[in-house]
Amino acid sequence: MGDLPRSVFSADFDSDGDKDLAVANRGCQYITVFMNNGDGTFADAINYGVGNNPNSVFSADIDGDDDFDLAVTNYTDDNVSILVNMSNITDVQREGIALSRQFPANVYPNPFNTSTTIQYSLGKPSSILVEIYDILGRKIDELTHDLQQAGNHQVTWNANSFPSGVYFYRIQGENYSNTGKMMLLK
């Protein structure tokens with residue numbers, strides 16, 4: 001389990017008839033999911049990146065496909081992360097609970113002076129492209145473009161050669177993407 005568990009929610013995330021658990025971990029940037037083995041035990045914990053300091057977790061059919069998705073309130077970011085459950089795909093394709101339709105990301109520090117780190121989590125192995133854009137939408141840097149395993153990842157952007165201003169990161173994978181704003185202050 002993560003740091004400072006704050007909230008727990010139970011639902012059948014993998015549609016096997018057993019209640020699984022999702023835990024919001026207030027002292028970090030992820031939620032933890034425990035899949036029920038059906039015999040009173042749980043599989044190894046799976047962590048899914050969300051915003052800063054997840055405060056509470058709730059499950060409902062958010063996308064209308066008859067399975068449980070997760071909504072997580074993020075205390076420090078003052079936003080909500082949505083993890084969409086893909087339990088209708090085959091077990092061979094599915095790894096763990098859900099594959100986010102976005103890559104929940106955390107950028108720190110933000111605002112930043114010369115460099116910042118972009119953290120994100122993958123629910124399954126994926127070819128990932130992380131790019132930086134200026135305020136006019138022009139691509140100005142590519143941080144990574146490779147196949148990455150499921151789990152937590154981070155890349156650092158060194159902005160020494162760029163002027164102060166607003167920039168955007170874009171994390172893109174197979175049918176998934178996330179874009180966020182960063183502020184460079186020199």
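Side notes on the structure shown:
- Accessible surface of residue 156 - all protein chains present, 1.4 Å probe, nearest 10 Å²: 80 Å²
- Comparing Cα centroids, region 10-51 and region 107-186 end up 28 angstrom apart.
- Heavy-atom accessible surface of region 110-172, averaged per residue, reaches 49 Å², computed with a 1.4 Å probe.
- Relative contact order, whole percent, for region 110-161 stands at 47, derived from Cα pairs under 8 Å and 6 or more residues apart.
- Between amide H atoms placed 1.01 Å from N, distances below 5 Å from residue 50 occur with 30, 31, all of them 5 or more places distant or on a separate chain.
- Probe 1.4 Å, protein heavy atoms only - accessible area per residue of region 1-54 in square angstrom: 45 Å²
- Other residues lying with their Cβ under 13 Å from the Cβ of residue 127 contribute a combined charge of -1, Lys and Arg counting +1, Asp and Glu -1.
The values are calculated or read from the model by the stated rules, or taken from the named source; none is laboratory data. Source: prediction; values computed, not measured. When we count neighbours, we look across all protein chains shown, and the Cβ atoms used for this are built from the backbone with ideal geometry, even at glycine. Calculation scope for accessible area: heavy atoms of the full protein, side chains included, ligands and nucleic acids excluded. Shrake-Rupley method; radii C 1.70, N 1.55, O 1.52, S 1.80 Å.
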